[in-house]
1. Just checking, which of P115, P81 is in a loop (DSSP other than H, G, I, E, B) and within 13 Å of R194 (Cα to Cα)?
2. Need at least 2 residues that are touching a strand residue (DSSP E or B) at 6+ places or on another chain (Cβ under 8 Å), more than 16 Å from P199 (Cβ to Cβ) and in contact (Cβ under 8 Å) with a residue 12 or more places away in the chain per element, so show me which strands (runs of 3 or more DSSP E) inside segment 135-187 make the cut, counting only ones lying wholly within it.
3. Scan segment 29-69 for residues that are among the small types (G, A, S), over 17 Å from F175 (Cβ atoms) and not in a strand (DSSP E or B) and report the count.
4. Do we have V118 as β-branched (V, I, T), surrounded by 12 or more Cβ atoms within 10 Å (Cβ to Cβ) and modelled with pLDDT under 90 here?
5. Among the candidates T117, T145, which residue alone is farther than 30 Å from R214 by Cα and among the hydroxyl-bearing types (S, T, Y)?
6. Can you pull out the residues in segment 82-113 that are among the hydroxyl-bearing types (S, T, Y), more than 30 Å from L47 (Cβ to Cβ) and in contact with a Phe, Trp or Tyr (Cβ under 9 Å, 6 or more places away or on another chain)?
7. Could you tell me whether any residue of segment 166-179 is hydroxyl-bearing (S, T, Y) and farther than 17 Å from D124 by Cα?
8. Name the residue, out of G147, G116, that is small (G, A, S) and under 21 Å from Q42 (Cβ atoms).
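The values are calculated or read from the model by the stated rules, or taken from the named source; none is laboratory data. Owing to the predicted nature of the structure, the values given are computational and were not obtained by experimental measurement. Virtual Cβ from ideal backbone geometry, glycine too; neighbours counted across all protein chains shown.
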Amino acid sequence: MTDERLQDLVRGRLLGDLWPSVPLRPLPDIGAREYALRRLRQYISLLVFRRTEGPGLAPQAFRIPADKINIYQPDDVKDPPDLPGIAMLPGTMDHEYWGLGSPRPDEETIDKYAPGTVVVWLSDYYETFLLDIWSAKHAMRRAITEGLKVGLRLQEDTMALNLTLPDYFDQIATFNLIGGPGYLEDAEVAKNRRHAQIPIEVWVPEVVLVDYRRLKIRLDFGGPGARYIE
């Protein structure tokens, strides 16, 4: 659909619509949620967990590779799966709009990401989701859950975890631990598949990059010496 036909369907201006007109920017294919969870996956993959087998035994350090931390159901799942691993299970989500009026441009981003563009705030994305932790043995499950309880609250000035999103216009995603880990004992235990769940809140701004044009004001006093003010 062309910009002109799209405008015919809309009552009012389109976001990023300029005069003289320029083609509207393509719609995004990745949103604030996925950028935030990708960054959280990277963060968790850098944490060093410590597994203790029993009294008198030295703890064993280990990490969980990023390819074993899933932010959505992967294709072609192995059975049995490679453990340990973590899944981010979707939960209740919402879009928070603060105040009335049009979307708010961030003036500090003018021409920062491309000439003639500015980042515009649309809303805040909010979701409560679950970190679903899987391992073969309880000792490893315990090490991951206890490690995450601290790793998600390492910042000394807040009990939340703030992660920058360099791939998403340098926005900041905030993750908040809202409950302790719950160990789940079900039929999977007989298959050496133990898991626990940690509820997490995420807040992240939803933004979009749009074109802008500076307003030019012309003062014409009726003579040959017209002045222009930008």
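1. On the way: P115 fails: within 13 Å of R194 (Cα to Cα).
P81 is the lone residue from the list that is in a loop (DSSP other than H, G, I, E, B) and within 13 Å of R194 (Cα to Cα).
2. 160-165, 171-177
3. Filtering segment 29-69 for residues among the small types (G, A, S) gives 31-32, 36, 45, 54, 56, 58, 61, 66.
Now restrict to residues that are over 17 Å from F175 (Cβ atoms): 54, 56, 58, 61.
Retained after the next criterion (residues that are not in a strand (DSSP E or B)): 54, 56, 58.
Within segment 29-69, residues that are among the small types (G, A, S), over 17 Å from F175 (Cβ atoms) and not in a strand (DSSP E or B) number 3.
4. On the way: β-branched (V, I, T): yes; surrounded by 12 or more Cβ atoms within 10 Å (Cβ to Cβ): yes; modelled with pLDDT under 90: no.
It is false that V118 is β-branched (V, I, T), surrounded by 12 or more Cβ atoms within 10 Å (Cβ to Cβ) and modelled with pLDDT under 90.
5. On the way: T117 fails: farther than 30 Å from R214 by Cα.
Checking each option against the conditions leaves just T145.
6. In the first step, residues of segment 82-113 are kept if they are among the hydroxyl-bearing types (S, T, Y); the result is 92, 97, 102, 109, 113.
Now restrict to residues that are more than 30 Å from L47 (Cβ to Cβ): 97, 102, 109, 113.
T109, Y113, listed by residue number.
7. no
8. Values: G116 fails: under 21 Å from Q42 (Cβ atoms).
Exactly one of G147, G116 is small (G, A, S) and under 21 Å from Q42 (Cβ atoms), namely G147.
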